[in-house]
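Comments concern the structure below.
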Amino acid sequence: MSFLFKWEWLPKMASGLVVTVEVTATCIAIGIVLGVLLALGRVYGRRPISLPCSLFIQFFRGTPLLVQLFIIYYGLPNWGIRLPAFVSGILALGLNTAAYQAEYFRGAIQSVKKGQMLAARSLGMSLTQSIRFVILPQALRLVIPAWSNELILMLKSSSIIYLVTIYDIMGVSQKIAARHFNYFDVYVVAALFYLALVLIVSLLLRLLEHRVQIPGLGVHADRR
Amino acid sequence: MNMPLLKVEDIHKRYGNEEVLRGVSFEVNRGETKVFIGPSGTGKSTLLRCVNQLTPPDKGQVFLEGTEVTHHKSDINRLRASIGFVFQDFNLFAHLTAMQNVSIGPTKVTRMHKEQAQARALAELERVGLGDKANAYPAQLSGGQQQRVSIARALAMDPKLILFDEPTSALDPELIGEVLEVMIELAREGMTMLCVTHEMGFARSVANEIIFMEHGVIVEQGPPQQMFTNPKHQRTGEFLRKISELYGETER
Ligand SMILES: Nc1ncnc2c1ncn2[C@@H]1O[C@H](COP(=O)(O)OP(=O)(O)O)[C@@H](O)[C@H]1O
Ligand SMILES: [Mg+2]
């Protein structure tokens, strides 16, 4: 047994890497926007708003990502809704991560001290202004560590979309491996690609956390 | 006609089975300082919050210059903008510098231009003696400094009156003086103030009236001199003696 990985496969795998990054970035973006809205709905919404938000979160956290993906890609066509593979993949991952992110955002919103909202309202800010200018700027800083984990998980979980014929890192690797009967080397290289991505993203998130840090605010603030 | 600046009428508030406020009425004229005292759990904080509707009362009315604050159609955000509130634990916005804490009200609520709001914020910070701390975050300030910033934050809104809820109770003893000095100065300049505080030195030097509350009602109210020397109710005298012992009564 020797290492049979051929360097000419690398460009193909790199194109897969681009797809993985694109898909993950898009899902995370969807997840942030939707996740914040879901969290706000749960925390500040009356029942007609908070209940659907809870159910959404419950469903997407309580069922396997793969099942969600298959419902969207293979299931929806039975109802006449035929989405392209790429859209299905992004939708499944985006909705899934939105549910998880919503819970992190909710935790962060609720950990902003209660007096902050009181102070904002007593200045005459509306509820929306208070959320936008006082609560969220603090909650988003508090959430970064938990949120970083979610981003990294997504980066890795995104590999399941090869099952709906998308050529991300995993999709490309699977194709090359099958054609050349070289599973071990190709998948190890694929793993290294993911590892490199995860390390880079972790580093960037650490920098972000450092950059937006404010004295006295954050997970480290309590122990002084 | 000389209408009171603030008129509070028959305020009731219940939490569960407990009737926290049982019909409280009083008036405040422009430029007056009123001091609320009373045992803990008596409803003083609840009363202040009813004034600016942070806590809506179950019954009763609040009028600010004749406008009913408690009316369901009143523009409550606008009314709150003209009622300052200073909290026991400061509640400065943790993600903003002292300057931003003071300027956020004018910029977001009254839509003042940014430069103008910053100039105003700096002026208010200087007024409370913290011009040099404009760029510090709350966590970098002492309790006394934070409370002074929160007073500056209230002042920057040009409030018609300011409500103080035990503004010095969370402070180390050596930091109380700097906050009281600012409050005394404000009172002397003619700011209308409602203060829940047990600092009787402050009450003696600037209060027009001390209001003693117990179990959700006003037991007795009167000028400090009378309340100290000649209270009508035995409870008032007892309570005043007790807090004078507890808090001391340093002359300021
Ligand atoms: N949000 C609330 N929910 C339930 N009970 C409350 C709430 N706020 C205050 N109370 C109760 O109301 C009573 C009066 O409280 P408060 O107004 O804070 O009194 P004081 O400021 O005079 O100490 C207390 O018994 C307190 O437990
Ligand atoms: Mg209180």
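The values are calculated or read from the model by the stated rules, or taken from the named source; none is laboratory data. Please read these numbers as outputs of a predicted model, since none were measured by experiment. All Cβ positions, glycine included, derive from the backbone under ideal geometry; neighbour counts span all protein chains shown.
Annotations
- Pairing each residue of the range B:18-34 that is more than 19 Å from B:VAL219 (Cα to Cα) with any residue that is away from ligand 2 (no atom under 16 Å from the Cβ) and small (Gly, Ala, Ser), provided the two are 6+ apart or on different chains, yields C-beta distances under 6 Å for B:GLY31/B:GLY190.
- Across the range A:126-139, the qualifying residues are those that are hydroxyl-bearing (Ser, Thr, Tyr) and either within 13 Å of A:ARG106 (Cβ to Cβ) or surrounded by fewer than 17 Cβ atoms within 10 Å (Cβ to Cβ) (or both), and the one among them that is farthest from the other protein chains (Cβ to nearest Cβ) is A:THR128.
- For B:PRO167: the one exception among (1) more than 28 Å from B:SER25 (Cβ to Cβ); (2) under 20 Å from the mean Cα position of the chain (by Cα); (3) not small (Gly, Ala, Ser): (1)
- Condition check for B:LEU163: of a type outside the set (Val, Ile, Thr), more than 16 Å from ligand 1 (Cβ to nearest atom) and in contact with a Gly (Cβ under 8 Å, 6 or more places away or on another chain): no
- Selection count where residues are over 20 Å from B:MET183 (Cα atoms), hydroxyl-bearing (Ser, Thr, Tyr) and within 16 Å of ligand 1 (Cβ to nearest atom), scope the range B:1-55: 5
- Residue among B:LEU125, B:LEU96, B:LEU171, B:LEU175 that is hydrophobic (A, V, I, L, M, F, W, C), closer than 29 Å to B:ALA207 by Cα and not in a helix (DSSP H, G or I): B:LEU171
- From the list A:LEU163, A:LEU142, A:LEU151, the one residue that fits, being in contact with a strand residue (DSSP E or B) (Cβ under 9 Å, 6 or more places away or on another chain) and either away from chain B (no Cβ under 13 Å) or part of a helix (DSSP H, G or I) (or both), is A:LEU142.
- The selection criterion, being of a type in the set (A, V, I, L, M, F, W, C) and either within 16 Å of the chain's Cα centre (by Cα) or within 16 Å of ligand 1 (Cβ to nearest atom) (or both), does not hold for B:MET227.
- Flag for A:VAL212 being surrounded by 13 or more Cβ atoms within 10 Å (Cβ to Cβ), at pLDDT 95 or above and either in contact with a His (Cβ under 9 Å, 6 or more places away or on another chain) or not hydroxyl-bearing (Ser, Thr, Tyr) (or both): no
- Any chance B:LEU141 is in contact (Cβ under 8 Å) with a residue 24 or more places away in the chain, more than 16 Å from ligand 2 (Cβ to nearest atom), buried (at least 22 other Cβ atoms within 10 Å of the Cβ) and over 26 Å from B:THR46 (Cα atoms): no
- Qualifying residue in the range B:209-222 (condition: in the same structural domain as B:GLY31 (by TED's automatic domain parsing) and part of a loop (DSSP other than H, G, I, E, B)): yes
Each row is one residue, and each column tells you yes or no for (1) closer than 26 Å to A:LEU217 by Cα; (2) in contact with a strand residue (DSSP E or B) (Cβ under 8 Å, 6 or more places away or on another chain); (3) touching a residue at least 24 places away in the same chain (Cβ under 8 Å); (4) more than 16 Å from ligand 2 (Cβ to nearest atom).
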residue	(1), (2), (3), (4)
B:HIS72	no, no, no, yes
B:ASP75	no, no, no, yes
B:ASN91	yes, no, yes, no
B:GLY105	yes, no, yes, yes
B:ALA123	no, no, no, yes
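- B:GLU19 being over 19 Å from B:PRO159 (Cα atoms) and away from ligand 2 (no atom under 16 Å from the Cβ): yes
- Elements of type helices (runs of 4 or more DSSP H) contained in the range A:34-126, each with 1 or more residues being under 30 Å from B:SER74 (Cα atoms): A:47-62, A:85-111, A:114-122
- Given (1) crowded, with 21+ Cβ neighbours inside 10 Å; (2) over 13 Å from A:SER122 (Cα atoms), number of the condition B:GLN100 does not satisfy: (1)
Conditions (1) more than 17 Å from B:GLY38 (Cα to Cα); (2) more than 20 Å from the chain's Cα centre (by Cα), marked per residue:
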position	(1), (2)
B:LEU180	yes, no
B:GLY190	yes, no
B:GLY201	no, no
B:ARG235	no, yes
B:GLU238	no, yes
B:ILE243	no, no
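- Subset of the range B:72-98 (residues that are within 9 Å of chain A (Cβ to nearest Cβ), more than 14 Å from B:GLN145 (Cα to Cα) and of a type in the set (D, E, K, R)): B:ARG78, B:ARG80
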